[in-house]
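Trainee: Sharing a structure with you now.
What follows is calculated from the coordinates using simple rules that are stated; it is not laboratory data. Since this is a predicted model, take the numbers as computed values, not measurements. All Cβ positions, glycine included, derive from the backbone under ideal geometry; neighbour counts span all protein chains shown.
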Amino acid sequence: MTLDHWEAYYRGGALVSCPTGPEPNYSKEVRDAWTRFFARLSNGARILDIGCGNGPVALIATETATELSRTFEIDAVDLAEIDPPAHVPNGKSMFSGIRFQSGINTEALPFDAASFDAVSGQYIIEYTNIQQTMAEVFRVLRPGAESQFILHHTESIVVCNARESLRHADLAIKEVKIIRLFRRYCDKASESVHKAENARRELFKAGARLEQIASGSENPLFLNYIIESVSTLFQHQNKMSSGQMLQTTDHLERELKNWIRRLSDLVSGARSAADLHDIVSFTEKLGFDDVDTALQMQDGDNLVGWRLKMCKPPSA
């Protein structure tokens, strides 16, 4: 399994990969779900946050502890290569006290049994072998400890937007071929004014088509990014050598491919009601008690995922 498309995203410094609002971290009802979970923990509790990415959930845990005049011991792990203190703005100060570890497989956690008072994770277990991951969560939790996860829902606004972005990507790159047309224009511009003009018209026609589609979309993020990026390249072409132009276009194409791979991962990981029923059945067979599920909403009526919570029995 390659993770370079996620690692490139995390190096960009974004806290979350699926924002639920304009704020840099999870907010409103999603944040409240995590605040309530962490507020139940005693002073000195040890927390494991799995699939942490750039640490948004771990950060909510530290902020909750501060608000309650408590301290938590937090380990935040991810299979990808991450370094939130270095990559997130003000990260060194923001993540003070959180131990981040890269290359950690949630299906084989390198921690002793019964060593954590809580395990958390948002948009992570659905990307893993859930049975192996939940078995590991059960193993590392102390008796009486709880875990909470938020998973992608097949019909959430996040997943629906991802599907639309994938359709837009297919349209822009494979059907309209906007990047190929831009490369063709650059090639022709180096040959003759006449050839460049014909290529320019084709490029502008393709751009106009994408703009029209974007104007009628509720989620034109991917199309707007491609249109703006190609437009910027076109405007700056005279300031770059052909080699620089080629390098910049290659970089844009890599960014788009990474974005598409992340969106594809998200859609593939989303879970239906039937899927969640199977997950609940398995966690109960493992020995978890008080397994609870709920729709995770945001801004009142926007579905953003499933919330799954469970407890390891005190006698386990």
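Trainee: Is segment 157-267 best put as rounded, prolate or oblate by its Cα gyration tensor, with a ≥ b ≥ c the root eigenvalues, rounded for a/c under 1.5, and otherwise prolate when a/b is larger than b/c, oblate when not?
Mentor: Note, shape of segment 157-267 comes out prolate.
Trainee: Could you state the angle between the C-alpha long axis of helix 242-269 and the longest principal axis of the C-alpha atoms of the chain, as a value from 0 to 90 degrees rounded to the nearest 10?
Mentor: Roughly 40 degrees, rounded to the nearest 10.
Trainee: Take segment 210-313, drop everything but the C-alpha atoms, weight them equally and run the Debye formula without solvent; then report log10 I(q)/I(0) at 0.14, 0.23 Å⁻¹ to two decimals.
Mentor: Debye output, listed in q order: -0.78, -1.22.
Trainee: In addition: In nm, to one decimal, how far is the E218 label point from the E284 one, both placed 7 Å along Cα→Cβ?
Mentor: 3.4
Trainee: Oh, and also: Evaluate the relative contact order of the chain (contact order divided by residue number), counting alpha-carbon pairs under 8 angstrom at least 6 apart; express in whole percent.
Mentor: 20
Trainee: By per-residue mean of other Cβ atoms within 10 Å, what is the highest-first order of 248-257, 150-159?
Mentor: 150-159, 248-257
Trainee: Now for a different question. Which entry in (1) 30, 49, 19, 3, 0; (2) 28, 53, 18, 1; (3) 27, 47, 23, 3, 0 is this structure's computed P(r) over Cα pairs in 20 Å bins from 0, in percent?
Mentor: Only one option fits the structure, namely (1).
Trainee: On full extension of the chain, what length is gained from R99 through A8, given 0.36 nm per residue of separation minus the C-alpha to C-alpha distance?
Mentor: Stretched out fully, the R99 to A8 stretch lengthens by 30.7 nm.
Trainee: Still on this structure: When DSSP assigns beta bridges and you keep just the ones with both residues in the chain, what percent turn out antiparallel, to the nearest 5?
Mentor: Percent antiparallel among DSSP bridges in the chain is about 40.
Trainee: Now for a different question. Please give the contour-minus-distance gain from E81 to N198: 0.36 nm per residue of separation, less the Cα-Cα distance, rounded to one decimal in nm.
Mentor: 37.6 nm
Trainee: To continue, here is another question. How far is helix 28-39 tilted, in degrees, relative to the longest principal axis of the Cα atoms in the chain, given as a value from 0 to 90 rounded to the nearest 10?
Mentor: The angle comes out near 30 degrees.
Trainee: With a Förster radius of 45 Å, plug the Cβ-Cβ distance of T35 and R254 into 1/(1 + (r/R0)^6) and report the FRET value to the nearest 0.05.
Mentor: In this case the efficiency is close to 0.75.
Trainee: Report the label-to-label distance for A108 and S268 in nanometres (one decimal), using points 7 Å from each Cα along the Cα→Cβ vector.
Mentor: It is 2.0 nm.
Trainee: Next question, about the same structure. Can you list which of the GluC sites (Glu not before Pro) found in segment 159-196 are DSSP loop residues with at most 12 other C-beta atoms within 10 Å?
Mentor: E191
Trainee: Work out from phi, with θ = phi - 60° and the Karplus expression 6.51 cos²θ - 1.76 cosθ + 1.60, the ³J(HN,Hα) of each residue of segment 122-129, listed in order in whole Hz, and give x for Gly and Pro.
Mentor: 10, 6, 9, 5, 6, 8, 10, 6
Trainee: Please work out the C-alpha center-to-center distance from segment 190-226 to segment 227-288 and express it in whole Å.
Mentor: 21
Trainee: Turning to a different aspect of this structure: What 222 nm value per residue comes from the helices of the chain, counting each DSSP H run with n ≥ 4 as -39,500 (n - 2.57) and dividing by all residues, nearest 500 deg cm²/dmol?
Mentor: After summing the helix terms and dividing by the residues of the chain, the value is -15500 deg cm²/dmol.
Trainee: Quick one: which of 47-57, 207-217 comes out on top by average Cβ neighbours within 10 Å, and what's the full order, highest first?
Mentor: Averaged packing, sorted descending, gives the order 47-57, 207-217.
Trainee: Right, here's the next one. Net charge near I98: determine it from the other residues with C-beta under 9 Å of the C-beta of I98, scoring Lys and Arg +1 and Asp and Glu -1.
Mentor: -1
Trainee: Assuming a strict under-20 Å limit between Cα atoms, what lysine pair count do you get for segment 157-267 once near-sequence pairs (fewer than 8 apart, same chain) are dropped?
Mentor: Within segment 157-267, the lysine pair count is 9.
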